[in-house]
Amino acid sequence: MKPDTSKRRRLLKREQPISRLFPNMVTIAGLCCGLSAIRFAMIPRWDMAVAFIIAAALIDGMDGRLARMLGATSLFGAQLDSLSDFVCFGVSPVLVLYMWQLNAIKGYGWAMVLFFSVCTALRLARFNTGLFDDQKQPWEKQFFTGVPSPAGGILCLLPLVLGLQYPNFHIPPVLIAAHVLLVGTLMASRIPTFAGKHIRIKHEFITPLILACTVLLVLFFIEPWLFLSGISIVYLLSIIFSVRKWRALSRQPQTPAPENN
């Protein structure tokens, strides 16, 4: 029996508002930023390479929210976003590092490129399949499983960012390779990390938080590399607290997951 595709054909032929295309266009813009980082690394313009990967991360945080606001979420958009994340945060950052310093250790440096990219693919595959998991406890939504790919891509660049902040400070390529190995492992691991979109702020802390963000923005414009280094180190330290929080919540009485009828 042939599948009935008449409904699907009608949906494809139906006119769509152009606003539904905006989220996918934003995702493609992020993909172009990630690829452009490789081009600037070839020049070499290391500062621009880092800047374009940061831009890709900012865009990645926008496209999903834009799709939900416009009611334009789709399976196609989700898959496009995942593929873009792999290129922007699983390939571009580690290739930039390879062209910067990792090529000095030849085959071992390329092995780190392959390792990091595979870890990113595993991280994204786990995330995509986890979207269909209905057995999660409500508190588990406060955490990601492993370091998210955008955060992993930026963390991967930490040695380069430190090199831009302190040009006279030489980081041995072996230490850079060890750093890539660590970040890749954190991405592919099942270590719980905080999911920022589920963090709730009490009303009395909103004004101090806005002031703190303002100070951070000023620091970003004055000393961007120092800002990125500090944020990356703080994020790595936050993993310790996320694990402790996970363990504390997991010891509490669990609510039975709803059964599918």
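Order the following by accessible area, largest value first: His179, His170, His203. Probe radius 1.4 Å; ligands, DNA and RNA are ignored.
Largest to smallest exposure gives the sequence His203, His170, His179.
So how compact is the range 102-193: Cα radius of gyration and Dmax in angstrom?
In Å, with Rg to one decimal and Dmax whole: 15.6, 52.
Among the complete DSSP H segments of the chain, which ones combine at least 18 Å of alpha-carbon extent along their axis with a mean Kyte-Doolittle hydropathy of 0.0 or more?
Counting only whole DSSP H runs, the qualifying helices are 22-42, 46-70, 107-130, 173-188, 206-222, 224-250.
Label Leu175 and Trp139 with points 7 Å out from Cα along Cα→Cβ: what is the distance between them in nm?
3.9
Taking H as built 1.01 Å from N, whose amide H comes closer than 5 Å to the amide H of Ile171, not counting residues under 5 places away?
Result for Ile171 returns nothing.
Rounded to a whole number, what % of the accessible area of the range 61-150 do carbon and sulfur atoms account for, probe 1.4 Å?
Reported share for carbon and sulfur atoms: 68 percent.
I want to verify a result. In a Gaussian network model of the chain, Cα cutoff 10 Å, which of these has the top mean-square fluctuation: Val218, Val26, Val183?
Val218
When the chain is fully extended, how far beyond the present Cα-Cα distance does Glu223 get from Glu204, taking 0.36 nm per residue of separation?
3.9 nm
Hey, got the Cα dimensions of the chain along the principal axes, in Å, largest first?
66, 47, 38
I need the Kirkwood Rh of the range 162-206: take the reciprocal of the average 1/r across all distinct C-alpha pairs and report it in angstrom.
Every distinct Cα pair counted, the radius reaches 14.1 Å.
Modelled label-to-label distance, Ala248 and Arg39, 7 Å Cα→beta-carbon offset: nm?
The answer from the label model is 4.8 nm.
Starting from the amide H of Phe143, placed 1.01 Å from N in the peptide plane, find each other amide H under 5 Å away whose residue is 5 or more places distant or on another chain.
Counting only residues 5 or more places away or on other chains, the set is Ala195.
Between Phe127 and Tyr166, what is 0.36 nm times their sequence separation minus the Cα-Cα distance? Round to one decimal in nm.
My answer for the length gained is 10.4 nm.
For the chain, with every protein chain kept in place, what is the accessible area per residue (1.4 Å probe, Å²)?
About 63 Å² of surface per residue is accessible.
Once the piece of chain linking Met69 and Ala104 is laid out straight, how much longer is it, given 0.36 nm per residue of separation minus the C-alpha distance between them?
Taking Met69 through Ala104 to full extension adds about 7.9 nm, to one decimal.
The values are calculated or read from the model by the stated rules, or taken from the named source; none is laboratory data. Here the structure is a predicted model, which means the values were calculated and not measured. Using ideal geometry, Cβ is built from the backbone for each residue, glycine included, and neighbour counts are taken over all protein chains shown. Calculation scope for accessible area: heavy atoms of the full protein, side chains included, ligands and nucleic acids excluded. Shrake-Rupley method; radii C 1.70, N 1.55, O 1.52, S 1.80 Å.
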